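*Asks:* Take this structure first; my questions come after.
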Amino acid sequence: MSDILTKLAGATIGGIASGMPLFVIGSGLTLIFGVMRVLNFAHGALFMMGVYLCYTLSSGKGLGFGGFILVIIAATAVLGVLGGVIDIGVLRKIGQSGDSELRSMFAMYAVFLILSGSVAYIWGNQPLSVATPRFLSGYFSILSGIVVTRQDLFYLVSGVLVAGGLFWLLRRTTFGRRVRAVAADHEMAVALGIRASRIRLEVFVLGAALAGFAGALSANLVSVDSSLATDYVLQAFAVVIAGGLGSVEGALVAALTLGILESIVAIYIPQFSPYVLYAFIAVTALLTPRGVLRRGTIA
Amino acid sequence: MRLSLGLRGARWPRGRMTTGLDAIGICLLIGIAVSALATGPTIAEWVVCAGYVLFAVSTNIVVGKSGILTFGQAAYFGSGAYAVALLSGRHFPTELLFVFVFVIGCVMAAVYGLIVPTRSRFLTAVLTLVFAQFLYLLLFDIPALGAENGLTVGVQEPFFGISLESENNLWWFSVIVAGLSLFVLRRMDRSSAGLTWAAVRDDEIRAAALGLSSRWARFAALVYAGGFSAVAGAIVVEGQLVAAPELLYWTQSGAVLIMILLGGIRNFWGPAVGAVAYTWLTYEFTLHFSSGDPDLFIGLILLVVVLLRPQGLLGALPRLPVIGHRRGAALPAQAEAVDAEPAWPVSEQEAPQ
């Protein structure tokens, strides 16, 4: 196989892998928007809390496989609980009146400020780093020289697991049917006897847990400081806008596209790589405001 | 034809000569109070504060008055700051400098207003954010603009023969610029332009039936807000003496929304109060807790306001009397009808329960 093709294939695989954490963040955000009509500005901050939790739990050592899985489960669970607290303490108080969209958006902006501001008190101002788990270092090559790192393979597997799990949950379970009913028509769902406030709580817990999961997944590749909250909320918005507000399938397609684009641009025209994210949002929002699969609810 | 209809939301505010004099009066009183009480470096803080007041009030004609959710107002704000920083020390007459900055802001907002669809609230928010972030990133790639260090600001040319080197003179200069801008904004708020914006925000279909073009009314609001936000950035940079890329970062656009919400989205003076409260809180905070992050504190206050007092700090106070308007005059009667509106824009999708 020629050199160029090998390089391109490597970049594509790396891009798909790096798109998986984006999908995990974006799927939570798009679920929350689809069901609750809340533009969750705190989503990047929830991701950041996942990263910091991973830092605290792994305590500077490169973990083994079992330890790392335990840390990921713990971060996911803690963020889920935090999501429950936010829903009951903030969003439920705002309720569902006609002006709730804007009020809840600003309430979540306040939560974003609170979470990213509290980091300095808990973990200090200095950027930290999380050691790479031992089983994730190293790489292997497939098909005559395409290099795949173990990290990429880990992302691919966990992304596929999350995507499969979400589709199963939303399409094949009673819970999923209720969630889709509330997303489609809140009042009709209530009239049919669905406890919408319970569904909203469960969806917010799920979304926050997914953000924490994504944070724990990405912890060893990012510089751990409070700017994670501002950076990753934009990434998550990009995925959600491009995929269509409220569409999980769209978020998957958008996240993988964004991952591949960023990876290819980083190899061939590195000076443009900071702009890729914004160009991607602008182009997709102007051309397909309902998302790449045209399934979003335009809001 | 469409353009002329749209200009109903854009034309120079008519009405009584005295409309908006309350803005001038308030600015004069605060100007005298600060120059009498504050000294030395604190005056520079007040200059910055005056800039943020103008930033918040001008942004609110987009957010509160016209109901467009913009998350990219920092683009115009920062561009005004950088324009002043670039032109300082080049013998550009100060009298023209702020007019020039206003025009830059208007042109940028006009170009952008033609591209961005303003019908969908969340798309507008995200696209304005993207635009501001693009400019923010561009700053790092242009060495002439100082990259991540930004540009320092030299002393301006004398303003009508008065040197701006002393802090007191600089303060009065910024009071004059901010006061004139607030005067124009206040006249807009109380005029046919302001009524048009409110009409388009509250019920687009009815406004269209009255012959108002929502597209051009929103466009006009965006352009004016862009121009005055650029002037606000120019004032701020005169006070803090350095134009840094952070002025264009998206959290700056978030900060101005916080100011608006703190003070009250439905009150002309609300954002001004919010801006003073915000700058004072962050100033005190960094003074006393130098190691911490003021965001935690600001976020807690914002959360309390959103949950317990959604109309903002000023929302429930009696309105200031509008100087020069007799009771029963045509304009205030219309204006009061507009004031009897919910504290927040009601969304198009869900009817209030």
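The values are calculated or read from the model by the stated rules, or taken from the named source; none is laboratory data. Here the structure is a predicted model, which is why all the values come from computation and not from measurement. Every residue, glycine as well, gets a Cβ built from its backbone with ideal geometry; the counts of neighbours run over all protein chains shown.
Table: residues versus (1) more than 30 Å from A:Ser2 (Cα to Cα); (2) within 23 Å of the chain's Cα centre (by Cα).
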| position | (1), (2) |
| --- | --- |
| A:Ser118 | yes, yes |
| A:Ser129 | yes, yes |
| A:Thr132 | yes, yes |
| A:Leu136 | no, yes |
| A:Tyr139 | no, no |
| A:Thr149 | no, yes |
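*Asks:* So, in segment B:276-321, of the ones that are charged (D, E, K, R) and modelled with pLDDT under 80, which residue ends up surrounded by the fewest Cβ atoms within 10 Å (Cβ to Cβ)?
*Replies:* Ranking the candidates gives B:Arg319 first.
*Asks:* Scan segment A:81-97 residue by residue and report those that are touching a residue at least 12 places away in the same chain (Cβ under 8 Å), in a loop (DSSP other than H, G, I, E, B) and not polar (S, T, N, Q).
*Replies:* Scanning segment A:81-97 gives no hits.
*Asks:* What do you reckon, is B:Gly194 surrounded by 21 or more Cβ atoms within 10 Å (Cβ to Cβ) and touching a Cys at 6+ places or on another chain (Cβ under 6 Å)?
*Replies:* Spelling it out, it is not the case that B:Gly194 is surrounded by 21 or more Cβ atoms within 10 Å (Cβ to Cβ) and touching a Cys at 6+ places or on another chain (Cβ under 6 Å).
*Asks:* Under the condition of being within 12 Å of chain A (Cβ to nearest Cβ) and small (Gly, Ala, Ser), which residue from segment B:233-280 is farthest from B:Phe55 (Cα to Cα)?
*Replies:* Selected residue: B:Gly254.
*Asks:* Same structure, new question: Only residues in segment A:67-80 that are more than 19 Å from A:Ala208 (Cβ to Cβ) count as the first member; pair them with residues that are crowded, with 16+ Cβ neighbours inside 10 Å and of a type in the set (Ser, Thr, Tyr), Cβ under 7 angstrom, at least 6 apart or cross-chain, and list the lot.
*Replies:* none
*Asks:* Something else: May I ask you to list the residues in segment A:202-235 that are assigned to a helix (DSSP H, G or I) and small (Gly, Ala, Ser)? Before you say what the answer is, go through the steps one by one.
*Replies:* Keep residues of segment A:202-235 that are assigned to a helix (DSSP H, G or I), which gives A:202-221, A:227-235.
Within segment A:202-235, A:Gly207, A:Ala208, A:Ala209, A:Ala211, A:Gly212, A:Ala214, A:Gly215, A:Ala216, A:Ser218, A:Ala219, A:Ser227, A:Ala229 meet the criteria.
*Asks:* Given the structure, is B:Ser214 farther than 28 Å from B:Thr18 by Cα and either of a type in the set (S, T, N, Q) or surrounded by fewer than 18 Cβ atoms within 10 Å (Cβ to Cβ) (or both)? Explain how you work it out, then say what you get.
*Replies:* Values: farther than 28 Å from B:Thr18 by Cα: yes; either of a type in the set (S, T, N, Q) or surrounded by fewer than 18 Cβ atoms within 10 Å (Cβ to Cβ) (or both): yes.
When the stated conditions are applied, B:Ser214 passes them.
*Asks:* Now, a different point. Only one residue in A:Val157, A:Val119, A:Val162 is more than 18 Å from A:Leu29 (Cα to Cα), touching a Phe, Trp or Tyr at 6+ places or on another chain (Cβ under 9 Å) and either away from chain B (no Cβ under 14 Å) or not in a loop (DSSP other than H, G, I, E, B) (or both), so which one is that?
*Replies:* On the way: A:Val157 fails: touching a Phe, Trp or Tyr at 6+ places or on another chain (Cβ under 9 Å); A:Val162 fails: more than 18 Å from A:Leu29 (Cα to Cα).
One residue alone meets the criteria, A:Val119.
Rundown of residues vs (1) closer than 29 Å to A:Ala282 by Cβ; (2) crowded, with 24+ Cβ neighbours inside 10 Å; (3) of a type in the set (Gly, Ala, Ser); (4) modelled with pLDDT of 80 or more, yes/no style:
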position: B:Ala10; (1), (2), (3), (4): yes, no, yes, no
position: B:Thr19; (1), (2), (3), (4): no, no, no, no
position: B:Asp22; (1), (2), (3), (4): no, no, no, yes
position: B:Gly25; (1), (2), (3), (4): no, no, yes, yes
position: B:Ile32; (1), (2), (3), (4): no, no, no, yes
position: B:Leu37; (1), (2), (3), (4): no, no, no, yes
position: B:Asn60; (1), (2), (3), (4): yes, yes, no, yes
position: B:Gly64; (1), (2), (3), (4): yes, yes, yes, yes
position: B:Leu69; (1), (2), (3), (4): yes, no, no, yes
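*Asks:* A further question follows. May I ask you to verify whether A:Gly243 is closer than 23 Å to A:Gly215 by Cβ, buried (at least 24 other Cβ atoms within 10 Å of the Cβ) and more than 9 Å from chain B (Cβ to nearest Cβ)?
*Replies:* Working: closer than 23 Å to A:Gly215 by Cβ: yes; buried (at least 24 other Cβ atoms within 10 Å of the Cβ): yes; more than 9 Å from chain B (Cβ to nearest Cβ): yes.
Yes.
*Asks:* Which of (1) within 14 Å of chain B (Cβ to nearest Cβ); (2) within 24 Å of A:Gly207 (Cα to Cα); (3) surrounded by 18 or more Cβ atoms within 10 Å (Cβ to Cβ); (4) at pLDDT below 90 does A:Asp152 not meet, given it meets every other one?
*Replies:* Looking at each condition in turn, A:Asp152 falls short on (1).
*Asks:* Okay, moving on. Which of the following residues is loosely packed, with under 15 Cβ neighbours inside 10 Å and more than 14 Å from chain B (Cβ to nearest Cβ): A:Leu143, A:Leu79, A:Leu136? I'd like the intermediate steps shown before the answer.
*Replies:* On the way: A:Leu79 fails: loosely packed, with under 15 Cβ neighbours inside 10 Å; A:Leu136 fails: loosely packed, with under 15 Cβ neighbours inside 10 Å.
Just a single option satisfies the conditions, and that option is A:Leu143.
*Asks:* Being at the interface with chain A (Cβ under 8 Å from one of its Cβ atoms) and in contact with a Phe, Trp or Tyr (Cβ under 7 Å, 6 or more places away or on another chain) is the filter here; which residues of segment B:132-151 pass it?
*Replies:* Scanning segment B:132-151 gives B:Gln133, B:Phe134, B:Leu137.
*Asks:* Please state which one of B:Trp197, B:Trp216, B:Trp171 is modelled with pLDDT under 90, under 21 Å from B:Phe98 (Cα atoms) and in a helix (DSSP H, G or I). Give the steps one after another, and end with the answer.
*Replies:* Details: B:Trp197 fails: under 21 Å from B:Phe98 (Cα atoms); B:Trp216 fails: under 21 Å from B:Phe98 (Cα atoms).
Going through B:Trp197, B:Trp216, B:Trp171 in turn, just one is modelled with pLDDT under 90, under 21 Å from B:Phe98 (Cα atoms) and in a helix (DSSP H, G or I): B:Trp171.
*Asks:* Something else now. Restricted to segment B:249-275, and to residues that are of a type in the set (Phe, Trp, Tyr) and surrounded by fewer than 24 Cβ atoms within 10 Å (Cβ to Cβ), which residue is nearest to A:Met108 (Cα to Cα)? Walk me through it before giving the result.
*Replies:* Filtering segment B:249-275 for residues of a type in the set (Phe, Trp, Tyr) gives B:249-250, B:268-269.
Filter once more, so that each one left must be surrounded by fewer than 24 Cβ atoms within 10 Å (Cβ to Cβ): B:249-250, B:269.
Values: B:Tyr249: 19, B:Trp250: 16, B:Trp269: 25 Å.
In this case the residue turns out to be B:Trp250.
*Asks:* Still on this structure, I have one more. Would you call B:Leu287 within 12 Å of chain A (Cβ to nearest Cβ) and either assigned to a helix (DSSP H, G or I) or closer than 18 Å to B:Val53 by Cβ (or both)? Walk me through it before giving the result.
*Replies:* Working: within 12 Å of chain A (Cβ to nearest Cβ): no; either assigned to a helix (DSSP H, G or I) or closer than 18 Å to B:Val53 by Cβ (or both): yes.
It is false that B:Leu287 is within 12 Å of chain A (Cβ to nearest Cβ) and either assigned to a helix (DSSP H, G or I) or closer than 18 Å to B:Val53 by Cβ (or both).
*Asks:* Still on this model: Six or more apart or on different chains, Cβ atoms under 7 Å: show the pairs whose first residue is in segment B:251-274 and part of a loop (DSSP other than H, G, I, E, B) and whose second is of a type in the set (A, V, I, L, M).
*Replies:* Hits for this filter: B:Gly264/B:Leu313; B:Gly264/B:Leu314; B:Ile265/B:Val63; B:Arg266/B:Ala343; B:Asn267/B:Leu314; B:Trp269/B:Leu314; B:Trp269/B:Leu320.
*Asks:* For the structure I just gave you, tell me whether B:Leu182 is away from chain A (no Cβ under 14 Å), out of contact with any His (no Cβ under 8 Å at 6 or more places or on another chain), crowded, with 20+ Cβ neighbours inside 10 Å and at pLDDT below 90. Spell out how you get there, then give the answer.
*Replies:* Working: away from chain A (no Cβ under 14 Å): yes; out of contact with any His (no Cβ under 8 Å at 6 or more places or on another chain): yes; crowded, with 20+ Cβ neighbours inside 10 Å: yes; at pLDDT below 90: no.
No, not satisfied.
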